[in-house]
Amino acid sequence: MSLPILKIGVFDSGLGGLTVLKSLFEKAPQNQYFYLGDTARLPYGSKSPKVLRKYIDQNVQFLLTKKVDAIVVACNSASSVIENLNEFPVPVFDVIKPSARAAVTTSLEERIGIIATRTTISQKTYVKAIQSLNPLISVFQQACPLLVPLVEEAWLEDPITNLVLYRYLSALLQAQVDTLILGCTHYPLLLPAIRKVVGPDINIISSANCVVDEVLLHFKLPINNEKLDAKIELYLTDASPSLDTIYPKIFFSPAPQPELIYL
Ligand code: DGL
């Protein structure tokens, strides 16, 4: 039986959301993907909810011009300021609720740490989502504003990045979390470096992976393991000097030529 081919829009402030696109492509390679990286206005994680809301609406409007069937907000900072996912004309999926659910299921000690941008942390969206599932869970948050610029610079395994990670993660290690949520879609690119700092025993939940099952469930799609060529259109709002370094780390293939757009 041939699977329906959906058009899925995905957006983030920059290249981090490619980690979400990868997870979508791995489980549903038949679909056509439209990726928008708002590189002109990056970072999102230092912006106020009001400003982010304007960006979200513009990004959604742009993706709707591609006649998408659904939109994945591949950005925790943007997800943290969307109050009602049902207000859009197509199904919209955020990355926070699925990751919170995965962390609650995983954490046996009921001690969850979250690293994310300042906006995501100050909105407390993860804390609320986790404690609505289990109010007994202790949640420890750490804002990591320096990590997104390091990823966008492609300093993924660099002594400076390691030092910054060590500094950000030490409070969570002291709090003895057993589960760590990478609450920013840029952070999976730092996974090897993060693993080195936290050691082998802490469960790491990537907000880039968890949303995919939600999308499949919504459209009643099975996981598709076929090896297909990626149908990805890439749109950026400004040139990104790191695209050619970061894209192959995620997709093992050269980046498609991005189209620059102005929102
Ligand atoms: N990757 C985004 C997130 O998940 C945004 C990072 C940023 O632009 O600050 O929060």
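Restricting the stretch 135-146 to residues that are aliphatic (A, V, I, L, M) and more than 11 Å from the ligand (Cβ to nearest atom), the residue that is nearest to the chain's Cα centre (by Cα) is Val139.
Condition check ((1) touching a Cys at 6+ places or on another chain (Cβ under 9 Å); (2) under 24 Å from Lys97 (Cα atoms); (3) aliphatic (A, V, I, L, M)) across all residues:
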residue	(1), (2), (3)
Leu136	no, yes, yes
Cys144	yes, yes, no
Pro149	no, no, no
Asp158	no, no, no
Leu172	no, yes, yes
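Out of curiosity, is Leu191 of a type in the set (A, V, I, L, M) and either in contact (Cβ under 8 Å) with a residue 40 or more places away in the chain or over 16 Å from Gln142 (Cβ atoms) (or both)? Taking the combined requirement at face value, the residue satisfies it.
Within the stretch 153-178, being surrounded by fewer than 23 Cβ atoms within 10 Å (Cβ to Cβ) and touching a residue at least 60 places away in the same chain (Cβ under 8 Å) holds for Glu153, Ala154, Leu156, Ala175, Gln176, Asp178. In the stretch 1-25, the residues that are more than 21 Å from Ser253 (Cα to Cα) and away from the ligand (no atom under 16 Å from the Cβ) form Cβ pairs under 8 Å with partners that are basic (Lys, Arg) and at pLDDT 95 or above, at six or more places apart or across chains, as follows: Lys7/Lys66; Lys7/Lys67.
Which of the residues that make up the stretch 29-59 are surrounded by fewer than 24 Cβ atoms within 10 Å (Cβ to Cβ), more than 16 Å from the ligand (Cβ to nearest atom) and either in contact (Cβ under 8 Å) with a residue 12 or more places away in the chain or within 14 Å of the chain's Cα centre (by Cα) (or both)? Selection gives Pro29, Gln30, Gln32, Tyr33, Phe34. Number of residues in the stretch 1-18 that are crowded, with 24+ Cβ neighbours inside 10 Å and either under 15 Å from Leu42 (Cβ atoms) or of a type in the set (Gly, Ala, Ser) (or both): the value is 9. Name the residue that is nearest to Pro241 (Cα to Cα), counting only residues in the stretch 153-211 that are touching a Gly at 6+ places or on another chain (Cβ under 6 Å) and part of a helix (DSSP H, G or I). Per the criteria, the residue is Ser207.
Taken together, the criteria exclude Ile71 from residues that are touching a residue at least 24 places away in the same chain (Cβ under 8 Å), among the β-branched types (Val, Ile, Thr) and within 20 Å of Ser122 (Cβ to Cβ). Across the stretch 212-261, the number of residues qualifying as outside any loop (DSSP other than H, G, I, E, B) and of a type in the set (Val, Ile, Thr) comes to 6. Mind listing whichever residues of the stretch 81-134 are of a type in the set (Gly, Ala, Ser) and either in contact with a strand residue (DSSP E or B) (Cβ under 8 Å, 6 or more places away or on another chain) or away from the ligand (no atom under 16 Å from the Cβ) (or both)? Once the filter is applied, which keeps residues that are of a type in the set (Gly, Ala, Ser) and either in contact with a strand residue (DSSP E or B) (Cβ under 8 Å, 6 or more places away or on another chain) or away from the ligand (no atom under 16 Å from the Cβ) (or both), the stretch 81-134 yields Ser99, Ala100, Ala102, Ala103, Ser107, Gly113, Ala116, Ser122, Ser132.
The values are calculated or read from the model by the stated rules, or taken from the named source; none is laboratory data. Only a predicted model underlies this, so the values are computations on that prediction, with no experimental measurement involved. Please note: Cβ atoms are built from the backbone with ideal geometry, for glycine as well, and neighbour counts cover all protein chains shown.
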